[in-house]
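In what follows, a structure is listed as C-alpha cells, so that the remarks can point back to it.
The values are calculated or read from the model by the stated rules, or taken from the named source; none is laboratory data. These figures come from a predicted structure and were not determined experimentally. Quick reminder, even Gly has a Cβ in these numbers, built from the backbone with ideal geometry, and neighbours come from all protein chains shown.
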Amino acid sequence: MMSKGRVALVTGGTRGIGRAVSEGLMNGGYRVAASYRDNQAAADAFAEETGIPVYRFDVADFAACAAALATIEKEVGPVEVLINNAGITRDAPLHRMDDADWNAVVATNLTGCFNVTRAVIEGMRQRGFGRIVTISSINGLAGQYGQANYAAAKAGVLGFTRALALENAGKGITANAIAPGYVDTEMVRQVPPAILEKIVARIPAGRLGRAEDVARGVLFLAADGADFITGETLSINGGQLMD
C-alpha cells in the first residue's frame, strides 16, 4: 500500500517545525490533522491557509488527549502516522530554575509524547501499521546550559522511542526520533543576536536549519517503505554534532 491517503497527526503542528511538517505531509498526499494549545489566531490562520483541520488540546493532559484523538478519528480517520512535535522551553540555570518550570517542560515535552502515543498505539497495533516520529533535539544529545529541563525531556524521548520500537516492531509499527539542531524558528529567533552568531559559527554547514529540512526527515521516516528503520535517531543539524 502507498503512503498516500494515510491519516497523520502532528502535535504542535500549526507553527514552526510543526507547520512545515504538517504542510510537507499534506503535500505528500497524507490526510493531516494538526494540534495546538494556546495560539488560537495562529491556528485559525494556519487552517485557513492550508485547509488542514486543527484541534486544540494540551498534550500534557492525558484525558484531553484521549478525547481529542477520539474526535480526530471520527472527523478525519484513525491516526496511522503520529508526529510528536509539541514542545515548550522554560530556560534557566538549574540553581535558579523553579519546580514549576521543570514540571511544565517535562509534562509537555516528555509526558506529552506518552499521552498522545498511548491514545493511538492500540489502534495501530490492531490495524498492523503505524509510524511514530518524535522530535527530540541536539540539546537532548549534547545538553545545553540553562536547559536542564528541556535537555532531560528531549533525552527522555529517545529512550521512550527505543522502548516503543522494541515493543511494536512485530506489529508493523516503527518508532523513530529526529534530533534537529538550531532551526530558524520563532523560538530560536528569541536568542540574542550576538549569541545566535556564535551558534551559527559552530555549525559546519554555515547556517541555521530550516523547518523544511526537518520536514523532509519526517516524510522519509513516515513512509510505508521505511518499515525496516525503527528505534533510530536521525540528527539534522548541519554537522554541528556528529555521533
When you check Ala63 against the structure, is it among the small types (Gly, Ala, Ser), assigned to a helix (DSSP H, G or I) and within 23 Å of Phe160 (Cα to Cα), yes or no?
yes
Of all residues being touching a residue at least 40 places away in the same chain (Cβ under 8 Å) and over 19 Å from Val183 (Cα atoms) in the range 226-242, which is surrounded by the most Cβ atoms within 10 Å (Cβ to Cβ)? Just the residue, please.
Thr230
Among helices (runs of 4 or more DSSP H) entirely inside the range 107-210, those with 2 or more residues being surrounded by fewer than 15 Cβ atoms within 10 Å (Cβ to Cβ) are 112-127, 148-168, 193-201
Of the numbered conditions (1) at pLDDT 95 or above; (2) of a type outside the set (Val, Ile, Thr); (3) under 20 Å from Ala223 (Cβ atoms); (4) out of contact with any Ser or Thr (no Cβ under 8 Å at 6 or more places or on another chain), Glu73 fails exactly one; give the number of that condition.
(3)
Among (1) touching a Phe, Trp or Tyr at 6+ places or on another chain (Cβ under 7 Å); (2) within 28 Å of Gly172 (Cβ to Cβ), the one test that Gly130 misses
(1)
Specify the residue that is nearest to Val81 (Cα to Cα); the eligible residues are those in the range 166-183 that are more than 16 Å from the chain's Cα centre (by Cα) and not basic (Lys, Arg).
Ile173
For the range 70-103, the count of residues that are among the aliphatic types (A, V, I, L, M) and either at positive phi or surrounded by fewer than 17 Cβ atoms within 10 Å (Cβ to Cβ) (or both) equals 4
Identify, from the list Gly13, Gly18, the residue that is crowded, with 22+ Cβ neighbours inside 10 Å, within 12 Å of the chain's Cα centre (by Cα), not charged (D, E, K, R) and not in a helix (DSSP H, G or I).
Gly13
What are the residues in the range 212-234 that are under 12 Å from Ile135 (Cβ atoms) and in contact with a strand residue (DSSP E or B) (Cβ under 6 Å, 6 or more places away or on another chain), if any?
Val214, Gly217, Val218, Leu221, Thr233, Leu234
Identify the residue in the range 42-61 that is surrounded by fewer than 16 Cβ atoms within 10 Å (Cβ to Cβ) and acidic (Asp, Glu) and, among all such residues, is farthest from Leu25 (Cα to Cα).
Asp44
Just one of Asn149, Asn84, Asn115 is polar (S, T, N, Q), in contact (Cβ under 8 Å) with a residue 24 or more places away in the chain and touching a Lys or Arg at 6+ places or on another chain (Cβ under 9 Å); which is it?
Asn149
Tell me, yes or no, whether the range 12-28 has at least one residue that is at pLDDT 95 or above, over 17 Å from Glu186 (Cβ atoms) and of a type in the set (D, E, K, R).
no
Selection from the range 137-160 of residues that are in contact with a strand residue (DSSP E or B) (Cβ under 8 Å, 6 or more places away or on another chain) and of a type outside the set (D, E, K, R):
Ser137, Ile138, Gly140, Leu141, Val157, Leu158, Phe160
